[in-house]
1. What distance in nm lies between label points placed 7 Å from Cα along the C-beta direction at Leu191 and Leu390?
2. What length, rounded to one decimal in nm, is gained on full extension from Arg403 through to Arg23, with 0.36 nm per residue of separation minus their alpha-carbon distance?
3. Taking 8 Å as the Cα distance limit and 6 or more residues as the minimum spacing, I'd like the relative contact order of the chain as a percentage.
4. Work out, step by step, the length gained on full extension between Leu173 and Ala221: first 0.36 nm times the residue separation, then minus their alpha carbon distance; give nm to one decimal.
5. Across segment 281-295, in residue order, what do the Karplus-derived ³J(HN,Hα) couplings come to in whole Hz, using 6.51 cos²θ - 1.76 cosθ + 1.60 with θ = phi - 60° and x for Gly and Pro?
6. If exposed means no more than 15 neighbouring beta carbons inside 10 Å and the site is in a DSSP loop, what's the longest run of the chain without any exposed GluC sites (Glu not before Pro)?
7. Once Rh for the chain is found with the Kirkwood sum over Cα pairs, what is the Stokes-Einstein diffusion coefficient at 10 °C and 1.306 mPa s, in µm²/s?
8. Report the calculated FRET efficiency for Thr280 and Ile304 (r = Cβ-Cβ distance, R0 = 22 Å), to the nearest 0.05.
Amino acid sequence: MTGGPPPPPEDSRFPAWHALSSRWAFLSLVTLLYWVTSQGIRPFLPIRLERLGASDFVIGLAVAAYAVVGLLLAIPSGRLLDRLSQRGLLVGAMLGLAVTTAALPLFRSVLLLSLGMIVNGLFAMWVWLVLQSMISSTGEGRVRRNQMALFSLTWGIGLAAGPSVGAVLYDRLDFTGLCLIMGVVTLVGGLAAAAAPSVRPPGATDGDAAPEDAGIRAALARAFENPILVSVLISSFINLFVLSMRISFYPVYLERAGVTITQIGLLLSVIGISSLAVRTILPLVERRFGTLRVLIYSTWLAIIGAASIPLTTNVVVLTAGAALIGVGLGANPPITVSLLAEHSDARDRGLAVGLRMVANRSGQVAQPLVFGGLAAAFGLGLAFPVSGVLLAGMTLWMSLRLRPYR
């Protein structure tokens with residue numbers, strides 16, 4: 001793994017368009033279809049569980065099981081990417097995701113649907129791991145940055161469009177029709193994955209790794225000796241912590257504070273729109289300020305926006321805070337994936353992607369536990385700034401570690 005700063009993006013008004021002529025663009029098409037499907041299905045799984053008779057506690061367990069299983073299997077799954085053909089893994093994972101998505105309506109008990117969700121979630125985790133690893137192997141310099149820009153854009157569009165597409169399908173076709181159509185969409189994504197270039201494990205092109213370099217312990221040691229990779233993991237944890245807060249305690253607090261449901265919906269939309277909008281200008285911002293600085297600044301924006309939530313119920317102030325959260329949440333994922341591509345050893349790239357997913361899942365698991373404890377101790381309103389202080393301490397430490405590389 002290297003330790004120097006990433007090169008700035010090439011001068012281009014919108015480099016994503018330059019990537020469309022390459023076969024690597026099929027990865028961005030798969031990314032778009034994957035996130036439309038994922039975000040279109042996921043909001044309606046708790047509703048399906050409730051209609052099957054699950055209690056709130058059981059629904060919480062079923063939803064949490066996906067994050068916990070991903071947390072446990074992300075590292076060995078990532079290491080597998082460093083040993084096998086990634087295009088074959090992507091096609092297989094997409095087909096598995098398509099079948100399990102279409103089959104979800106067949107599970108007509110709480111237990112069976114919960115198990116089906118876990119299996120479906122595992123295929124989804126494998127798809128996302130392989131996509132991140134493959135997009136990191138698209139070449140060097142301008143070629144990689146153009147593909148990263150397209151990948152980031154389609155990722156953001158999928159995140160933004162998925163819930164709306166899912167809601168329309170669910171409203172018109174119910175859960176069964178939603179799952180069947182999303183299964184077909186995922187199958188199309190599997191066909192697109194087959195058209196992407198092949199990515200072979202490093203040993204197949206660069207010679208087999210030496211025995212002392214091949215073990216997972218040696219790979220983990222190399223990873224944690226790299227301050228840039230460690231900072232990627234910290235910022236990913238913070239990003240998912242804030243994201244999890246946005247879909248859990250954020251709307252709960254606003255409703256208790258007297259903000260109307262319509263206004264809450266608009267604030268959530270502001271977060272989503274600003275998250276997508278920042279990705280369209282991200283290459284230019286990175287060129288102006290440097291990738292590592294943008295990572296640090298965007299992390300601070302998300303924290304400041306989250307910590308400021310209980311200051312007032314003024315809609316203008318809340319909208320400004322929502323925009324800060326959206327910018328921070330939108331900028332972080334593509335930057336961290338890009339940094340992994342630039343600064344992870346080719347032998348360990350799959351493992352590095354797995355470590356990033358562990359950081360993500362850890363943020364998802366830790367947020368409700370930490371926030372719940374803080375809310376019990378200080379009240380829900382104070383939980384936002386107190387958790388903000390904790391996240392700010394992590395960001396400050398990360399910033400100091402990255403100072404020599406900026």
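1. Going from the Leu191 label point to the Leu390 one covers 4.8 nm.
2. Here the answer is 133.1 nm.
3. So the answer I get is 29 percent.
4. Length gained, Leu173 through Ala221: 12.2 nm.
5. Listing the rounded values in order: 10, 4, x, 5, 5, 4, 5, 6, 10, x, 4, 5, 5, 5, 4 Hz.
6. Between the exposed loop sites, the longest stretch runs 226-406.
7. So the translational diffusion coefficient is about 73 µm²/s.
8. Approximately 0.50, to the nearest 0.05.
Coordinate-derived values only; no laboratory data. On a predicted model such as this, the values are computed, not experimentally measured, just so you know. So basically every Cβ, Gly included, is an ideal-geometry build from the backbone, and we count neighbours across all protein chains shown.
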